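Presented below is the structure to which this report refers.
The values are calculated or read from the model by the stated rules, or taken from the named source; none is laboratory data. Quick caveat, the model's predicted, so the values are computed rather than measured. Cβ placement follows ideal geometry from the backbone for every residue including glycine, while neighbour counts extend to all protein chains displayed.
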Amino acid sequence: MELSQLGELGLLAELERRGLVQRIENDAAEIEGLIVTQDALVEDVHFRLGWIAWRDLGWRAAAVNISDLSASGAEPLGLIVTLAAPPDTRVEDVLELYEGIAETGVAVLGGDTSRADSILLSVTALGRSERVPGRGGARPGDLLVVTGPLGAAGAAFRERRYVRPPLRIEEGARLARVATAMLDVSDGLARDAGHLASRSGVRCVIELDRVPLAPGATRADLGFGEDFELLAATPDPLGFTVVGRCEEGEGVEGIEPGGWEHFR
């Protein structure tokens, strides 16, 4: 069997079934109060250099990891950054990249560099949280809320550009106090709602008319992913935009299935 047949989610499920990975159900790992997450950005998979400035790429590499901390209600402590690049990469470009990381306000505490045929950025983010909602605690009757408009990433991609992911540290900390489940919208609204539904054993009902769209975005862009807003199931919306609810059952209703999955 090839990875293209199994898919990213299928691979993770198989690793979990065989006991080769543990506690991977949430956006980040929790180890004695320390929240740890890691994401890699690969050239021509996650970004195209002709469509993004080096400074924006640095912000993006940091922000997608900070987003996972935010989904855990965590305050960032620092980043560990590994950069692999071709030898002819301009030093000025690399400095711009690290300046973009610094603009997030989270310090780089270490990392590694390596030679490669294309750019690869691997970032590990560390944080602390008093309470991690996780993905598996949503209950029938909970409301589904998002922290901001969706679809910006998909709309930008149609124009061959990228937008800077938002930082939702404060919003994540507020929601983590009351939310029964939470994750960031990285794979598309339908797919990420499906993750929450599957782990929690509920049905997520999305009310499309209530989903806020970013300027220039359409409903089709909701399946693109990479918006990095937070999606939470909560008994108290705390003033955030309500986009649906949790019911008894399984799966997701009200929105077309779709979204991003590696290897497919």
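Within the stretch 237-249, is even one residue without any contact (Cβ under 8 Å) to a residue 12 or more places away in the chain and not aliphatic (A, V, I, L, M)? Yes, the conditions are met somewhere in the stretch 237-249. All of V36, V21, V64 fail the test of being of a type in the set (A, V, I, L, M) and more than 19 Å from the chain's Cα centre (by Cα), apart from V21. Against the list (1) touching a Ser or Thr at 6+ places or on another chain (Cβ under 7 Å); (2) closer than 17 Å to G172 by Cα; (3) aliphatic (A, V, I, L, M), the condition L83 fails is (2). Residues in the stretch 215-244 that are of a type in the set (D, E, K, R) and closer than 24 Å to R161 by Cβ: R219, D221, E226, D227, E229. Taking E130, is it farther than 18 Å from Q38 by Cβ, in a helix (DSSP H, G or I) and either over 22 Å from the mean Cα position of the chain (by Cα) or of a type in the set (D, E) (or both)? Against the criterion (farther than 18 Å from Q38 by Cβ, in a helix (DSSP H, G or I) and either over 22 Å from the mean Cα position of the chain (by Cα) or of a type in the set (D, E) (or both)), E130 does not qualify.
A quick yes/no check of all residues on (1) touching a residue at least 40 places away in the same chain (Cβ under 8 Å); (2) part of a strand (DSSP E or B); (3) within 26 Å of A156 (Cβ to Cβ):
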| position | (1), (2), (3) |
| --- | --- |
| D56 | yes, no, yes |
| D68 | yes, no, yes |
| G73 | yes, no, no |
| L77 | yes, yes, no |
| A84 | no, yes, yes |
| P87 | no, no, no |
| I101 | yes, no, yes |
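Scanning the stretch 26-44 for residues that are exposed (fewer than 14 other Cβ atoms within 10 Å of the Cβ) and touching a residue at least 24 places away in the same chain (Cβ under 8 Å) returns G33, D44. Here S198 meets each of (1) under 19 Å from N26 (Cβ atoms); (2) of a type in the set (S, T, Y); (3) surrounded by 20 or more Cβ atoms within 10 Å (Cβ to Cβ) with one exception, condition (3).
Listed by position, the strands (runs of 3 or more DSSP E) contained in the stretch 141-246 that have at least 3 residues being closer than 24 Å to L9 by Cβ and either hydrophobic (A, V, I, L, M, F, W, C) or modelled with pLDDT under 95 (or both) are 181-184, 203-206, 230-234.
Among the residues of the stretch 252-264, the ones that are in contact with a Gly (Cβ under 7 Å, 6 or more places away or on another chain) and at pLDDT 95 or above come to 2 in all. Checking each residue in the stretch 223-236 for being touching a Gly at 6+ places or on another chain (Cβ under 9 Å) and either among the charged types (D, E, K, R) or without any contact (Cβ under 8 Å) to a residue 24 or more places away in the chain (or both) picks out E226, D227, E229. Scanning the stretch 108-154 for residues that are under 20 Å from P237 (Cβ atoms) and among the basic types (K, R) gives R131, R135, R139. Entry remark, the stretch 24-40: residues being on the phi < 0 side of the Ramachandran plot and at pLDDT 85 or above number 11 in total.
Report whether or not R191 is closer than 24 Å to R139 by Cβ and out of contact with any strand residue (DSSP E or B) (no Cβ under 8 Å at 6 or more places or on another chain). So R191 passes the test.
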